[in-house]
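Scroll down for the structure; my scribbles are underneath it.
Nothing in this text is a laboratory measurement; each read-out follows from the coordinates by a stated rule. Quantities reported herein were computed from a predicted structural model and do not represent experimental measurements. Here the Cβ positions follow ideal geometry from the backbone for every residue, glycine too, while neighbour counts run over all protein chains shown.
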Amino acid sequence: MYQAAENRYLEMKYNRCGKSGLLLPQISLGLWQNFGLEKPLDQQKEIITCAFDHGITHFDLANNYGRPAEGMAEKNFGRILHEELSAYRDEMVISTKAGYDMWPGPYGNWGSRKYLMASLDQSLKRMNLDYVDIFYHHRPDPETPLEETMGALSDIVRQGKALYVGISNYQAEEAKKAIEILRNNGTPCLIHQPRYNMFERWVENGLLDVLQEEGVAYRIIDVYNLQHLQPAEILKNSPAVIFPDRVAENLPQEIAMWLHDYLEQGGYSLIVYDAGSLNKREKHLGNAVFSSLLGFNYSTFKEDRRQAFHHGYLEFLTEEKRDFFQIPLGKTVDGVTLSGYHYGKLSYSMRNIEVQHALRDEDIYAWAVVEDGRKIPGIVKRNIGKGSLFYVNLPLGAMKIDADDLPLRAVLRTVLFNFAKVRHVLNVPDGKGGIVINWHIDSNVEWFFLPRMIREGLLRKNIPMSFHITAGDFRDNPGDEMGFMVTEYPGRDIALQLIPYGRIGSHGGWAHNWYGYGVEAGRLHDADIDKYISMNNEAIESVTKKKVTEYSAPIGVFPQPYNTKALDSMGVEVYYYTGDSGSSINRTFYNGEMVSEKVLAFPIVPSGLYASLGEMHELGHYDNEKVLTWLKSIPDYGRNNRTLRLFYSHPYDLDVYEETFFEFLDYLDEEEQKGSVAVMTMTDAARFLQKMLKTKYSFKNDTGLTVALSNPDGLEDITIAVPKKGLSVEKSPYLKLEEDNNYYYLTVKNYDKKELEIHFARM
């Protein structure tokens, strides 16, 4: 007979579960698929007793756990419990669940009272128990009233068959309602268990953060739930379904059939990278789940994971197909190859795939060109029924965290806004896109150029710009007197003259080249970074009498990770960034974690391999016409896509392109007067994005459509885009209305409350 280890509670930590009196171990043992008939009972016994010997007191089961037959995990656990652990029952927390398919017929699935009561009775019988400690509803039931399901859970507690109840795989809104019903029934919800583990970390995926930044409301649906939902029902509220990289590995084959039906009925879907092509041990499956839909198998190597991936870059077939996916003009080399600033063609990890059926040219939008020169599908679009399927051979979630996330945003915006036409909140004030202009002022060379810019109309009060100054008295080496010297004449007077033309921020730390190369080479460490950025900020603030809220790193030494945290502590709100070039303003990540919620990054838009006017002249030999085309393309892109992009340069760069830039400002003047383009500082853009991220909206379909907006900071200048199809909007004194062929754009104006409803009638 088994004897538990006497020291079993010495090392394990126990945390209180919610606001209950129950303590759960930091690690629980789930008995999903390895506790059926496939593993010897002695081995199962060894695992369970070893866990208990180490302080693991929570054993988590469900009615259909175990293979090959449902209920096997409960049977085996019950036997082991009876034979070995019965003396320790009161030291254990045993949980089980019901919600998935368990027996034939209409009463063996979902969330009816009949199913839940019967399933728990069966579970107790299999485990030879009088009660379980926790009983979960395993997933929401779209057909059964939530009151019935939660009422059954409450009665189960009253009957003494469970001490506590919980929910599993519920989305936020569903969970909120369920918890409220349980509370009103006098049966608090103890716990919510979503699918989240070492392998399925999809809730951390950078895709979700990008969706937030682009103003898209999303719903996370567990794929095991999804396959049981009717495509037509999903389509009513979710016109697009995304299968991101690293989500739901070992997808059931049924999901491909479900997706085909969803597309046939008019849905849109984005399949990213290797979704569904790996099993739990990171071994490759013989056939990827979506191979039949895509026309190729993207899992050709079954065992050696390293061989299944290559590095390469994206090359669009034509400039028209580049534009289709909203790639800014300057972001490509030779018009079609995605590029990066300072490092040429961007290299991404790509899935090696084998084309099973001939792909038509019209299906391929971009090739993934890998190291040996081979071309494999990179971005593919296929029409299926009334809908479209998009495939992207890039780890898009990783891009948000580790690389250039422009392709991620480009594809998502195209699929969601242009095709699926989802409702969204715009990330620009008044719903008006445009440009941010950022000048880097790094030395006393600018004593000549900045006054000249003012005299000759290259700075204009109706076109606000960001001016970032390196404030110290040297540039390359201490004592060289090449610094801007913002606290002394003439630097001080010039800085004061700039105030009416925008916002003055900080550029690096005290001495441009000395600081920048010092950080890059590791000669300046955390304390030095704090010291010199603080010195720079304080010098600027002593002159302008305004808080420094913007920052640019010299020589492209972007601030993360430590520098960003330092900027956060100093009250800086946004910085120029060379990493996600061509993208919109966003939050930055490092090693899979958001660096700061308060400090935003504003990437540059290069022209090919070069970003500033000086680089274009010295390295690229760009002529004036080419430069002007590129400059105009930035606000044009912002206008057409209702977003913002950033241009940066140095004032002394205008020595070559002065006439070109003057012509560009005239163009901006004209577009501003038309009301078609916005020009703002980095701080203004960052503050609005922060405000937008706090905006919540919901929809209610009745005789028409009601959109409910709320924001704790107010709704002024917030714009929501609602598809026009079948709707007409009711006029309101608090809304400014614009529209195009696809959307109503409704901007809140002259409204001082924090909540607003917008009503649409059905046509």
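Here the Karplus relation 6.51 cos²θ - 1.76 cosθ + 1.60, evaluated at θ = phi - 60°, turns the backbone of the stretch 482-490 into coupling constants of 9, x, 6, 6, 5, 8, 10, 6, x Hz, with x for every Gly and Pro. Within the stretch 14-193, antiparallel bridges make up roughly 15 percent of the DSSP beta bridges whose residues both belong there.
Placing unit charges on the Cβ atoms only, positive for Lys and Arg and negative for Asp and Glu, gives the stretch 1-74 a dipole magnitude near 320 debye about its Cα centre. Annotated for the stretch 694-762: lysine pairs at least 8 residues apart or interchain, Cα distance under 13 Å, count 4.
The relative contact order of the chain, computed from alpha carbon pairs under 8 Å that lie at least 6 residues apart in sequence, is 9 percent.
Have a look at Leu153, Gly582, Tyr365 and report the one farthest towards the positive end of the charge dipole of the chain, computed about the Cα centre with Cβ charges (Lys/Arg +1, Asp/Glu -1). The residue sitting farthest along the positive end of the dipole is Leu153.
Taking the Cα centre of the chain as the origin, how large is its charge dipole in debye, to the nearest 20, when only Lys and Arg (+1) and Asp and Glu (-1) carry charge on their Cβ atoms? The calculated dipole for the chain is roughly 2340 debye. Tilt of helix 172-184 relative to the longest C-alpha principal axis of the chain, in degrees (0 to 90, nearest 10)? The two axes meet at around 50 degrees.
Helix 654-674 and the longest principal axis of the C-alpha atoms of the chain enclose an angle of approximately 60°. Simple rule: put +1 on each Lys or Arg Cβ and -1 on each Asp or Glu Cβ in the chain, find the dipole, and look at Tyr667, Phe290, Asn184; the Cα lying farthest toward the positive end is Asn184. Per-residue ellipticity at 222 nm computed for the chain from its helices equals -9000 deg cm²/dmol, with DSSP H segments shorter than 4 residues left out and the rest contributing -39,500 (n - 2.57). Comparing Cα centroids, the stretch 1-27 and the stretch 327-390 end up 51 angstrom apart. Each Lys and Arg contributes +1 and each Asp and Glu -1, all at the Cβ; summed about the Cα centre of the stretch 611-671, the dipole is approximately 500 debye. Close amide H pairs (under 5 Å, H built 1.01 Å from N) link Val132 with Ala162, Leu163, residues at least 5 positions away or on another chain. In this structure the amide hydrogen of Trp510, modeled in the peptide plane, comes within under 5 Å of the amide hydrogens of Ala471, Gly472, Asn536, none closer than 5 places in sequence on its chain.
May I ask what percent, to the nearest 5, of DSSP beta bridges between residues of the chain are antiparallel? The antiparallel fraction comes to roughly 55 percent. Annotation: the antiparallel percentage among DSSP beta bridges lying fully within the stretch 539-695 is about 35. A straight line joining the Cα centroids of the stretch 670-698 and the stretch 485-531 runs 27 Å. The spacing between the stretch 595-659 and the stretch 715-736, judged by their C-alpha centroids, is 33 Å.
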